[in-house]
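I have placed the structure first, in the form of structure tokens, so that the comments after it can refer back to it.
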Amino acid sequence: MRYLLKNGTVVSGEKSEKLDVLMEDEKIIKVEKGIEDEKAKVLDVSGKLLFPGFIDAHTHFDLEVANTVTADDFETGTKAALCGGTTLVIDYASQDKGGHTLKEGLARWHEKADGKCSCDYSFHMSIVEWNEETEKEIEDMIREGITSFKLYMTYPAMLVDDCDLYKIIKKLNAYGCFAGVHCENAGLIDALIDEAKKEGRLGVENHPLVRPDEAEAEAVHRLLVIAKQAGAPVMVVHLTNKKAYEEIQAARAKGQEVYAETCPQYLLLDDSVYSLPDFQGAKFVCAPPLRKREDQSCLWNALAKDEIQTVATDQCSFSWEQKKLGEKDFTKIPGGLPGVETRGTLLYTYGVREGRITREQMCRLLSENAAKLYGVYPRKGVIAPGSDGDIVVFDPEKRSVIQAKTHAYHSDNNPFEGFALHGGIDKVFLRGNLVVEEGKVVQEKSGKYIFRGKKQI
Ligand code: DUC
Ligand code: ZN
């Protein structure tokens with residue numbers, strides 16, 4: 001199908017301009033004023049903003065956590081993502097501990113995802129064990145289109161120690177790749193959990209107490225010391241708080257290349273929810289946990305100053321039944337929140353509309369920066385001739401309220417329940433095809449695996 005979108009405002013990371021967009025055969029052909037084309041299906045998008053398809057570089061679909069599996073898999077999760085304007089997700093594939101290879105992990109993730117995705121998809125690879133075999137596999141991963149990796153400083157099943165952290169980060173840089181790192185001090189968290197259990201403190205309100213902001217800030221500091229010695233760039237994923245952010249600022253001031261990602265839950269929710277009655281706080285259990293209001297302000301200011309590069313989701317959803325696995329012991333609550341469906345509309349409503357960020361910044365945070373960091377620019381991340389026809393037709397006036405009752409996720413609870421939205425997704429195009437109309441996916445499972453190149457920042 002040949003589409004001509006007329007009279008919309010095309011938003012890029014630099015500017016917003018009234019331009020027409022012509023697309024055919026997966027690609028954008030022209031972006032100009034006053035395009036006329038007899039062969040195209042013409043859609044008048046007056047009053048709408050046209051964003052490049054959003055990229056969510058932090059999702060966990062079909063992931064085993066705390067002896068259960070996320071409520072959303074690649075089928076339901078990518079449909080929800082598409083409804084939220086996300087046309088590319090980069091999910092975390094993982095190697096297993098105990099002598100397993102990266103290739104085995106990648107094959108498993110392809111099995112989970114191939115043929116099921118309604119938006120395009122790609123993978124980062126989590127390295128949980130470092131040896132000569134793993135090291136040799138880095139080149140294989142690059143050939144498979146994986147140029148970014150994930151390292152954990154917490155969780156026993158995923159954790160790498162500081163020695164391996166240094167070696168891995170250095171080796172990745174030698175290949176022109178880099179890692180996103182989950183920063184929390186594992187030992188301190190274990191000790192605080194042991195203490196809470198011994199004292200019989202097993203309610204949800206203890207969750208933020210055993211994972212304090214300082215445990216995150218310390219890990220960020222240690223990571224940045226290690227990365228400095230390795231002479232390598234790193235990305236701090238799901239940054240939540242002021243102290244951790246100050247560590248990043250300090251390292252950057254000394255000339256280090258550090259990237260940061262945050263998520264809507266850390267911008268809009270605070271840790272008071274963990275004290276809600278009737279175990280309701282379980283809905284918000286994630287790691288790192290939600291923080292304080294002053295941390296939220298700090299993160300918004302960092303977004304405004306372009307000191308955080310991406311807003312992703314850490315999508316990792318569980319049903320209420322699953323959350324209840326931790327009713328008697330908060331450490332058994334599967335950690336994670338859904339987010340892919342509401343990332344763009346929340347950032348527009350509470351970021352752009354409230355004057356905290358501009359719409360061009362929103363474009364950079366949701367699409368352009370991720371495209372550049374994760375090696376898919378300018379195929380993705382921009383509305384320009386030659387780029388994929390991934391376009392979000394965004395209605396700045398649409399109003400709605402987030403409700404689990406009507407959301408697209410398979411999970412049955414929503415951490416943003418009751419949040420009013422002013423701005424909504426009108427239509428979504430994926431590689432030139434209309435895939436979302438009036439909030440509904442109208443073309444399913446046409447997502448392709450995307451091979452990525454090296455970062456372009
Ligand atoms: N944190 C979560 O809460 N869930 C999934 C992984 C993570 O880092
Ligand atoms: Zn995550």
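The values are calculated or read from the model by the stated rules, or taken from the named source; none is laboratory data. Remember, it's a predicted structure, so these values are computed and weren't measured experimentally. Cβ atoms come from the backbone with ideal geometry, glycine included; neighbour counts cover every protein chain shown.
Taking strands (runs of 3 or more DSSP E) as the structural unit, those lying wholly within the range 153-268 and holding at least 2 residues that are touching a Ser or Thr at 6+ places or on another chain (Cβ under 8 Å) and of a type outside the set (A, V, I, L, M) correspond to 178-182, 258-262.
Gly339 fulfils the conditions (1) within 16 Å of ligand 1 (Cβ to nearest atom); (2) within 30 Å of Asp194 (Cβ to Cβ) except for a single criterion, (2). Please determine whether any residue of the range 130-149 is part of a helix (DSSP H, G or I), more than 27 Å from Cys298 (Cβ to Cβ) and among the hydroxyl-bearing types (Ser, Thr, Tyr). Taking every residue of the range 130-149 in turn, at least one turns out to be part of a helix (DSSP H, G or I), more than 27 Å from Cys298 (Cβ to Cβ) and among the hydroxyl-bearing types (Ser, Thr, Tyr). On the stretch given as the range 227-240, residues that are crowded, with 21+ Cβ neighbours inside 10 Å and either over 21 Å from the mean Cα position of the chain (by Cα) or away from ligand 2 (no atom under 16 Å from the Cβ) (or both) total 2. Scanning the range 330-360 for residues that are in contact with a strand residue (DSSP E or B) (Cβ under 9 Å, 6 or more places away or on another chain) and either within 16 Å of ligand 2 (Cβ to nearest atom) or at positive phi (or both) yields Pro334, Gly335, Gly336, Leu337, Pro338, Gly339, Val340, Arg343. The condition (being touching a residue at least 40 places away in the same chain (Cβ under 8 Å) and away from ligand 2 (no atom under 16 Å from the Cβ)) is satisfied by just one residue among Asp114, Asp140, Asp62: Asp114.
Pairs linking a residue in the range 85-103 that is surrounded by fewer than 16 Cβ atoms within 10 Å (Cβ to Cβ) to a residue that is among the aliphatic types (A, V, I, L, M), with Cβ atoms under 7 Å and 6 or more positions apart or on different chains, are Lys97/Val128; Lys97/Ala157. On the basis of being surrounded by 24 or more Cβ atoms within 10 Å (Cβ to Cβ) and either assigned to a loop (DSSP other than H, G, I, E, B) or under 19 Å from the mean Cα position of the chain (by Cα) (or both), does Leu347 make the cut? Spelling it out, Leu347 is indeed surrounded by 24 or more Cβ atoms within 10 Å (Cβ to Cβ) and either assigned to a loop (DSSP other than H, G, I, E, B) or under 19 Å from the mean Cα position of the chain (by Cα) (or both). Restricting Glu214, Glu261 to those that are surrounded by fewer than 20 Cβ atoms within 10 Å (Cβ to Cβ) and at pLDDT 95 or above reduces the list to Glu214. Only a single criterion out of (1) within 16 Å of ligand 1 (Cβ to nearest atom); (2) among the aliphatic types (A, V, I, L, M); (3) not in a loop (DSSP other than H, G, I, E, B) is not satisfied by Ala287, namely (3). All of (1) at positive phi; (2) away from ligand 1 (no atom under 16 Å from the Cβ) hold for Glu307 with one exception: (1).
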